[in-house]
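The values are calculated or read from the model by the stated rules, or taken from the named source; none is laboratory data. These numbers were taken from a predicted model, which means no experiment stands behind them. Every residue, glycine among them, receives a Cβ derived from its backbone with ideal geometry; neighbour counts consider all protein chains shown.
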Amino acid sequence: MSVEQCPHLSNADLAVLRVRTPRLRGVSGTAYQLTVDGWQTYETDVMLPYGHQGLKAVLASRTVRELRNVTAIDLPKGS
């Protein structure tokens, strides 16, 4: 359905995957630290798993998902 409705996908080389075990693992973003001058960035593009103590001071920009039991499949004809 996505390939049919999105013009950007219809002209692209695609890898279609069937994922049997997707797991949300954490987030990626910018880590901050509270200093005497206020909040300061100290690391960009850090990846922290859910439950990590430092997660409280991260401005997340992406969700990190682990894909297991992955199989590459062909799109049905007409896609």
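So which of Leu34, Leu48, Leu9 is of a type in the set (A, V, I, L, M, F, W, C) and touching a Ser or Thr at 6+ places or on another chain (Cβ under 7 Å)?
Every option except Leu9 fails the conditions.
All but one of (1) surrounded by 10 or more Cβ atoms within 10 Å (Cβ to Cβ); (2) out of contact with any Lys or Arg (no Cβ under 9 Å at 6 or more places or on another chain) hold for Asp13; which doesn't?
Condition (1) is where Asp13 drops out.
Considering only segment 57-68, state which residues are in contact with a Pro (Cβ under 9 Å, 6 or more places away or on another chain) and more than 22 Å from Asp13 (Cα to Cα).
Result: Val64, Arg65, Glu66, Arg68.
Please find, among Thr41, Thr21, Thr63, the residue that is at pLDDT below 95 and in a strand (DSSP E or B).
Thr41
Residue by residue through segment 1-20, note down the ones that are in contact (Cβ under 8 Å) with a residue 12 or more places away in the chain and more than 25 Å from Arg68 (Cα to Cα).
Within segment 1-20, Glu4 is the sole residue that qualifies.
In segment 1-42, which residues are more than 18 Å from Thr63 (Cβ to Cβ) and in contact with a strand residue (DSSP E or B) (Cβ under 7 Å, 6 or more places away or on another chain)?
Once the filter is applied, which keeps residues that are more than 18 Å from Thr63 (Cβ to Cβ) and in contact with a strand residue (DSSP E or B) (Cβ under 7 Å, 6 or more places away or on another chain), segment 1-42 yields Ala15, Val16, Arg18, Arg20, Tyr32, Gln33, Trp39, Gln40, Thr41, Tyr42.
Please go through segment 31-75 and give me each residue that is under 30 Å from Leu17 (Cα atoms) and charged (D, E, K, R), ordered by number.
Answer for segment 31-75, where residues must be under 30 Å from Leu17 (Cα atoms) and charged (D, E, K, R): Asp45, Arg62, Arg65, Glu66, Arg68, Asp74.
Which condition number in (1) surrounded by 10 or more Cβ atoms within 10 Å (Cβ to Cβ); (2) out of contact with any helix residue (DSSP H, G or I) (no Cβ under 6 Å at 6 or more places or on another chain) is the one that Thr35 fails?
(1)
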